[in-house]
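Enquirer: Below you'll find the structure I mean.
The values are calculated or read from the model by the stated rules, or taken from the named source; none is laboratory data. Everything quoted here is computed from the prediction, not taken from an experiment. Neighbour counts run over all protein chains shown; Cβ positions are idealised from the backbone, glycine included.
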Amino acid sequence: MNTLFPFGFPFPTAFYLGFYILTLVIHVIFMNYVLAGAGYLAVVSVFTGGRTVQRQNTPTALVLRDWLPFAISAAITAGVAPLLFIQILYKENFYTANLLLSHRWMAIVPVLIVGFYLSYLLKSKTIERWPSILRVLVGVGVFACFLFTAYSWTENHLLSTEDPGTWSDFYVSPSFIYQHPQLLPRMLLWSVGAIPTMVTLVAWQLRYKTKSDRVDSLSSENRRLSLLALAGIVLSLACGGFYYSAMDSSMDRIMTSSLALLYLIIAVLGLMVQSFSWTVVLLRQRLDFRWLTITTIGLVMTILGMSVVREAIRLSTIDIEALYQQHEAATRVGGLFVFLAFFIVNAALIIWCFVLVRRNAQSLSR
Ligand code: HEM
């Protein structure tokens, strides 16, 4: 634990940790789009701004409504890979938390299905004819479903990293809901921390759309997006402080250990890069390719850095050395050929779907 992540671990453990982080980062990017995007749509469905402002029809709201169902499926699919790695890595700690939360944990599945279909309803033409109260209910309902899912993952993560003494107390208590002082600040941090990712992805989408649709100016939207991203960064810092105050003081030592310190610095530098580049976008009023690329690099630095720091904290609560042998045994299990064969078949099918959609979209626009 005194060497930079993941180099101080035996190869099999380092391999699974590395791929866990890599795949988790992909999940977090899509999940952030879903969480903050659904939150944005919920807010504009409540505070519509009336007929003059029409916040529900801004380019950002339109793009989000259009792409939310896709982003949900991407977030869910991208959740599978870290889910597989985490089971190999942490065994008992992961399974016990799931078993203890039981039905409460399984509630994620129906809630995700409801959220997914509501997001389609939100983008349909039918809902435009509905009374405003129903539109508000659908907008808020979509957000509530994904907030619940995020809350469940956070609850599960905290329960799984607590010492086994807590597990037995929780087991004998009649409660399905795990309470922990870090739950609220951690949830708040995930929720507001999702905003800069969502804004960056929407900015790329608008930039692409602006080019292909030949819309000349989106300057008011650039302003809205850069202010939202900057607000997301400031709120993340505030919620980070709140979370830090709820953490055990021994966590300082973990975060500044040789294992995690470089990643903490990368995460903070990433935040600084994002703040600077969004300020430039705000002043220039243009979704400039160069500055958006710099923002994206800063964003990936922050997500990657924070993911490793998060893992370093978990590693400090679990006896990972006791699991080295099981990791080693896992690398000797076969199946690479079957995996690669299905990977190629599925990748080809997905690319084919994209080509078909693109071809049909082009023929429809002619
Ligand atoms: C779109 C709905 C989803 C949202 C909003 C969401 C949100 C989250 C959040 C907030 C975390 C971090 C928890 C924490 O560190 O406190 C997380 C972690 C995770 N999520 Fe998701 N998630 C979603 C769907 C899924 C699905 C369907 C899967 C699995 C197929 C999944 C797999 C994971 C895994 C493996 C982790 C890491 C858990 C850990 O390290 O303890 N997620 N998710």
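Enquirer: Out of (1) more than 16 Å from the ligand (Cβ to nearest atom); (2) farther than 30 Å from residue 96 by Cα, the odd one out for residue 267 is which?
Expert: Among (1) more than 16 Å from the ligand (Cβ to nearest atom); (2) farther than 30 Å from residue 96 by Cα, the lone unmet condition for residue 267 is (1).
Enquirer: Report those helices (runs of 4 or more DSSP H) wholly inside segment 237-350 carrying at least 3 residues which are surrounded by 19 or more Cβ atoms within 10 Å (Cβ to Cβ) and either not polar (S, T, N, Q) or not assigned by TED's automatic domain parsing to the domain that holds residue 200 (or both). Show your work before the answer.
Expert: On the way: elements: 251-255, 261-284, 289-317, 324-331.
Because the criterion is at least 3 residues that are surrounded by 19 or more Cβ atoms within 10 Å (Cβ to Cβ) and either not polar (S, T, N, Q) or not assigned by TED's automatic domain parsing to the domain that holds residue 200 (or both), the helices (runs of 4 or more DSSP H) in segment 237-350 that meet it are 261-284, 289-317.
Enquirer: Step by step: first the residues of segment 82-107, then only those that are buried (at least 19 other Cβ atoms within 10 Å of the Cβ) and either under 19 Å from the mean Cα position of the chain (by Cα) or free of Cβ contacts under 8 Å to residues at least 12 places away in the same chain (or both), then the one that is farthest from the ligand (Cβ to nearest atom). Which residue is that?
Expert: So, considering only residues that are buried (at least 19 other Cβ atoms within 10 Å of the Cβ) and either under 19 Å from the mean Cα position of the chain (by Cα) or free of Cβ contacts under 8 Å to residues at least 12 places away in the same chain (or both), the one farthest from the ligand (Cβ to nearest atom) is 105.
Enquirer: Considering 278, 352, 291, which residue is free of Cβ contacts under 8 Å to residues at least 12 places away in the same chain and of a type in the set (A, V, I, L, M, F, W, C)? Write out each step before concluding.
Expert: Values: 278 fails: free of Cβ contacts under 8 Å to residues at least 12 places away in the same chain; 291 fails: free of Cβ contacts under 8 Å to residues at least 12 places away in the same chain.
So the residue among 278, 352, 291 that is free of Cβ contacts under 8 Å to residues at least 12 places away in the same chain and of a type in the set (A, V, I, L, M, F, W, C) is 352.
Enquirer: Next question. Could you tell me which numbered condition residue 186 fails, if it satisfies all but one of (1) at pLDDT below 95; (2) surrounded by 19 or more Cβ atoms within 10 Å (Cβ to Cβ); (3) touching a Phe, Trp or Tyr at 6+ places or on another chain (Cβ under 8 Å)?
Expert: Going through the list (1) at pLDDT below 95; (2) surrounded by 19 or more Cβ atoms within 10 Å (Cβ to Cβ); (3) touching a Phe, Trp or Tyr at 6+ places or on another chain (Cβ under 8 Å), residue 186 breaks only (1).
Enquirer: Shifting gears a bit: Only one of (1) within 16 Å of the ligand (Cβ to nearest atom); (2) surrounded by fewer than 21 Cβ atoms within 10 Å (Cβ to Cβ) is not met by residue 220, so which one is it?
Expert: Of (1) within 16 Å of the ligand (Cβ to nearest atom); (2) surrounded by fewer than 21 Cβ atoms within 10 Å (Cβ to Cβ), only one is false for residue 220: (1).
Enquirer: Take residue 158 and decide whether it is at pLDDT below 95 and within 16 Å of the ligand (Cβ to nearest atom).
Expert: Working: at pLDDT below 95: yes; within 16 Å of the ligand (Cβ to nearest atom): yes.
Yes; evaluated as a whole, the condition is true for this residue.
Enquirer: If I go through segment 112-129 residue by residue, how many of them are more than 15 Å from the ligand (Cβ to nearest atom), assigned to a helix (DSSP H, G or I) and of a type outside the set (A, V, I, L, M)?
Expert: Of the residues in segment 112-129, 4 are more than 15 Å from the ligand (Cβ to nearest atom), assigned to a helix (DSSP H, G or I) and of a type outside the set (A, V, I, L, M).
Enquirer: List the pairs whose first member sits in segment 67-81 and is assigned to a helix (DSSP H, G or I), whose second member is polar (S, T, N, Q) and buried (at least 19 other Cβ atoms within 10 Å of the Cβ), and whose Cβ atoms are under 8 Å apart, counting only residues at least 6 apart or on separate chains?
Expert: 68/119; 69/119; 72/119; 78/23; 81/23
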